[in-house]
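Following: one structure in structure tokens, then a few remarks.
Quick note: the coordinates plus some simple rules give every number you see, no bench work behind them. Everything numeric in this text was worked out from a predicted model, so none of it was measured. Glycine gets a Cβ as well: all are built from the backbone with ideal geometry, and neighbour counts include every protein chain shown.
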Amino acid sequence: MKFTVAALYHFTRINEPAAKRYPLLSLCRSEGVRGTVLLATEGINGTISGTTEGIASVIEHVKGWPEVESLEVKYSFSNENSFKRLKVKIKKEIVTMRKPEINARLDAGQYIEPTEWNDLIKRDDVIVVDTRNTFEFNIGRFSNAIEPGTDSFHEFPNWADKLANDPDKPSTVAMYCTGGIRCEKATAYMKQVGFDEVYHLKGGILKYLEVVPEDESLWEGECFVFDGRVSLEHGLKEGNYELCYGCQFPVSQSDRKSPLFEQGVTCPRCHDSLPDTDKIRYRERQRQIVMALSRNEQHIGDDANSAIHARKTKRYSQ
């Protein structure tokens, strides 16, 4: 059975997001849809996974809200449900910048379709800015992209302020992120601090990897995604990364060859900092996972990522 994964967002004015929470939560539960959806007065943002019919019902429900003029949705697929749980939360922001004066609905930059993106970022007068976090950038990026060096999106304005005060600041900025939401909000901030010509990739990296042929692509590496697949390649095929159980950071194939990598326990990033008591607990948990797999059973633990790590363990032990 294939599962549909939908990454969705829309900046709009929702006056009473709490009133929309329970009907949406109930529908997701009845359709067996899992994942996380955030609601705020500035809009909706989420990634959900379920059957094609279940996802379609949820998307139709959200599109039926009078505040939703359009909904940006990127679809991909997985052989397993990419989430273990369902969360529908009310937040102050659907993507946290901590700049309440920013209105992405009214002030965002100009969309660029994925098919036009290559021509834009090849221009000499354009700088390409990755609005994601450092660990995401390290996994994959566009050619010549600039990394602001952030660990959280709310750090982005500080970087933007410094660039705006640079006497040699660029005239044109092209911005991108995973699905489009972070770069859309970032363009609104860039315009506020003085950049006039600001573009953002419509549908984000996911849409680009879906529609742009690999032999024409300027993308390098893989794209991190916040679900059980961990990373995606061209054509939205599942990538080669897994999550380290010790630090929850992405682990590459080369990392897994390191003597500091221990499946289900630690990786080169956290090997020296992870307490021995945690390593002992994780080793026991990993032993139980392997035993469950040998009996063709799924190991059920308290951690929400148990099923994800069990699947990754099975794949890389073959």
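Loop-only trypsin sites (Lys or Arg not before Pro) in the stretch 1-76, please: DSSP not H, G, I, E or B, and at most 10 other Cβ atoms within 10 Å. Those satisfying the criteria are Lys2.
With the simple model of a label 7 Å out from the Cα in the direction of the Cβ, Lys237 to Glu60 spans 3.4 nm.
Under the shape rule built on the C-alpha gyration tensor, where the axes satisfy a ≥ b ≥ c, the stretch 41-123 is oblate, since a/c reaches at least 1.5 while a/b does not exceed b/c.
The distance from the alpha carbon centre of the stretch 136-199 to that of the stretch 112-133 is 11 Å, rounded to a whole number. FRET efficiency for the Val193 to Ala19 pair, using the beta carbon distance and R₀ = 35 Å, is estimated at 0.50. What spacing in nm lies between the two simple spin-label points modelled at Ser143 and Ser171, each 7 Å away from Cα in the Cβ direction? With each label point 7 Å from Cα toward Cβ, the separation is 2.3 nm. Qualifying trypsin sites (Lys or Arg not before Pro) in the stretch 113-170, where qualification requires a DSSP coil assignment and no more than 15 other C-beta atoms within 10 Å, comprise Lys122, Arg123. In the chain, which cysteines lack any other cysteine Cβ under 4.7 Å from their own? Singleton cysteines: Cys28, Cys223. Projecting the Cα atoms of Ser82, Ala292, Asn138 onto the charge dipole of the chain (Cβ charges, centred on the Cα centre) puts Ala292 farthest toward the positive pole. Given the choices [x] 20.9; [y] 22.7; [z] 19.2, Kirkwood radius over Cα pairs in Å derived from the coordinates of this structure is entry [x]. For the chain, a simple Cβ point-charge model (Lys and Arg +1, Asp and Glu -1, everything else neutral) yields a dipole of about 1500 debye relative to the Cα centre. A convex hull fitted around the alpha carbon atoms of the stretch 69-187 yields 159 Å³ per residue.
Using alpha carbons only, how many degrees (0 to 90, rounded to 10) separate the axis of helix 17-31 from the longest principal axis of the chain? Tilt relative to the chain: about 40 degrees. Around the amide H of Phe249, modelled in the peptide plane, lie the amide H atoms of Cys244, all under 5 Å away and 5 or more residues distant in sequence or on another chain. Which of the three applies to the stretch 3-90, rounded, prolate or oblate, going by the alpha-carbon gyration tensor with a ≥ b ≥ c and a/c under 1.5 meaning rounded? Prolate.
Around the amide H of Val225, modelled in the peptide plane, lie the amide H atoms of Val230, Ser231, Leu232, all under 5 Å away and 5 or more residues distant in sequence or on another chain.
Whole angstrom only: what separates the Cα centroid of the stretch 22-98 from the Cα centroid of the stretch 242-279? Taking the Cα centre of the stretch 242-279 as reference, the centre of the stretch 22-98 is 32 Å away.
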